[in-house]
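Notes follow the structure.
The values are calculated or read from the model by the stated rules, or taken from the named source; none is laboratory data. Just so you know, these numbers come straight off a predicted model, no measurement behind them. When we count neighbours, we look across all protein chains shown, and the Cβ atoms used for this are built from the backbone with ideal geometry, even at glycine.
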Amino acid sequence: MECCCSGNQTKADLSLLESCLKQYAGTEGSLITILQKAQEVYGYLPHDVLEHISERTGVKLAKIIGVVTFYTQFRTKPIGKNLILICQGTACHVNGSSDVEIAIREYLKVEEGETTPDGLFTYSNVACIGCCSLAPAVMIGEKTHGKLTRENVVKVLAEVAAAEDGGDSK
């Protein structure tokens, strides 16, 4: 995971987080909930947002960064418009998820965790998406795609890209 204390990030509008911080003010054990809400608001967790959460909750910044970097659900840099989660669970693995990942990587021309230059896609490997009967499977946004091969995953990506471009695919 990339360091979240990079100085080249723009400042976030911290007022967007106020209702959440007020709701959980003084509530013991609410840090993860606050971080989840912040990520919903900003799409990721910029460093200035983490600093603000620290100031408002009294939780040390180092502890917050420790939580953010420990849990894979949290992101410290922006992601593409379409987040692709590639299942690497046992069923998906034995049914060819590594081939699906290679096809995705080759099509997008990015490595895991990177975002395409057009900002359209980011992909990440995950332990399981809970669709073993569809193995190998990926989620793109909220939609699950299963029984994938190198060929049909590229078709799925091209369709998503075409829908985003208004019909023009890569």
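Some observations on this one:
- In the condition set (1) assigned to a helix (DSSP H, G or I); (2) surrounded by fewer than 18 Cβ atoms within 10 Å (Cβ to Cβ); (3) in contact with a strand residue (DSSP E or B) (Cβ under 9 Å, 6 or more places away or on another chain), Val100 is compliant with all but (2).
- The residues of segment 144-170 that are of a type outside the set (Val, Ile, Thr), modelled with pLDDT of 95 or more and not in a helix (DSSP H, G or I), listed by number, are His145, Gly146, Lys147, Leu148.
- Look at segment 67-95: where a residue is closer than 19 Å to Arg105 by Cβ and a partner is outside any loop (DSSP other than H, G, I, E, B) and modelled with pLDDT under 90, sitting 6+ places away or on another chain with Cβ atoms under 7 Å, you get Lys81/Glu164.
- Gly130, sole failed condition from (1) assigned to a loop (DSSP other than H, G, I, E, B); (2) under 30 Å from Thr33 (Cβ atoms); (3) in contact with a Phe, Trp or Tyr (Cβ under 8 Å, 6 or more places away or on another chain): (3)
- Looking across segment 111-170, the residues that are exposed (fewer than 14 other Cβ atoms within 10 Å of the Cβ) and small (Gly, Ala, Ser) come down to Gly119, Ala127, Gly130, Ser133, Gly141, Ala158, Ala162, Ala163, Gly166, Gly167, Ser169.
- Being over 17 Å from the mean Cα position of the chain (by Cα), in a helix (DSSP H, G or I) and either of a type in the set (Asp, Glu) or surrounded by fewer than 17 Cβ atoms within 10 Å (Cβ to Cβ) (or both) holds for only one residue in Glu51, Glu28, and it is Glu51.
- Qualifying residue in segment 120-130 (condition: among the aliphatic types (A, V, I, L, M), within 26 Å of Gly166 (Cα to Cα) and at pLDDT 95 or above): yes
- Residues that are in contact with a Lys or Arg (Cβ under 6 Å, 6 or more places away or on another chain) and surrounded by 15 or more Cβ atoms within 10 Å (Cβ to Cβ) do not occur anywhere in segment 75-97.
- Here is the figure for segment 4-28: residues that are at pLDDT below 90 and more than 13 Å from Asp48 (Cα to Cα) total 4.
- Residue in segment 110-117 that is out of contact with any Ser or Thr (no Cβ under 7 Å at 6 or more places or on another chain), of a type outside the set (Gly, Ala, Ser) and farther than 17 Å from Ala161 by Cα present: yes
- Test: residue in segment 50-65 that is under 30 Å from Val138 (Cβ atoms) and without any contact (Cβ under 8 Å) to a residue 40 or more places away in the chain: no
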